Amino acid sequence: MSHSGGQPTDGELVARVAKGDRAAVRLLFMRHHARVYRFVARQTGSESMADDIANEVFLELWRQAPRFEARSQVSTWLLGIARFKALSHLRKRKEEWLDDDKAETIADGADTPEVTAMKDDKGAALKRMVTALPEEHRTVIDLAYYHGSSVSEIAEILSIPVATVKTRMFYARKKLGEALKAAGYDRGWP
């Protein structure tokens, strides 16, 4: 069944990709690339890595389309592939990545005090604190708050039980609340 306006659903497009339809891949790319890219950029902290991985995700889509289970949302499935690829890239690039990280921190300190003060609103502070969380907590917060994923989608993307997602959310929010208080934001986690 198609929507009015004849826009094919993501599921229909994946079915077309499975039959070798390249135009369907392009459509899915246009719909989902930005979201996949943002997710990977936040996972890896590297825009160039996010670029490469986002492209790989759609190659993988081309290869795996015949095995896609329509039980999932296509966007959830794509983020799952992206996460898997991001983790294997990070494992490969651990050493170089740590050096990149240092370079970025140094460049950042060059801001004038005024610019720093402007940047340092609660949202920015919160982003920094999210980045400082342990990887497993950072990822659930990222998916829930910045991608609007539901608990069951997060469980699927990370291949962990729903209960584990809830536990990680609880601890992540607790840590963020404490960090915000410590930084003088009395209201804690929004």
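The values are calculated or read from the model by the stated rules, or taken from the named source; none is laboratory data. In this text the structure is predicted, and so the values were computed from the model without any measurement. Quick reminder, even Gly has a Cβ in these numbers, built from the backbone with ideal geometry, and neighbours come from all protein chains shown.
Here are the numbers for this structure:
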item: Which numbered condition Trp97 fails, given (1) modelled with pLDDT under 75; (2) in contact with a Gly (Cβ under 8 Å, 6 or more places away or on another chain); (3) exposed (fewer than 12 other Cβ atoms within 10 Å of the Cβ); result: (3)
item: Qualifying residue in the range 174-182 (condition: within 13 Å of the chain's Cα centre (by Cα) and not aromatic (Phe, Trp, Tyr)); result: no
item: Enumeration of residues in the range 136-184 that are more than 25 Å from Ala41 (Cβ to Cβ) and in a loop (DSSP other than H, G, I, E, B); result: Pro161, Gly184
item: Some residue of the range 47-68 being at pLDDT below 90, surrounded by 19 or more Cβ atoms within 10 Å (Cβ to Cβ) and over 23 Å from Ser152 (Cα atoms); result: yes
item: Candidates Phe68, Phe58, Phe84 - the one that is hydrophobic (A, V, I, L, M, F, W, C) and touching a Gly at 6+ places or on another chain (Cβ under 9 Å); result: Phe68
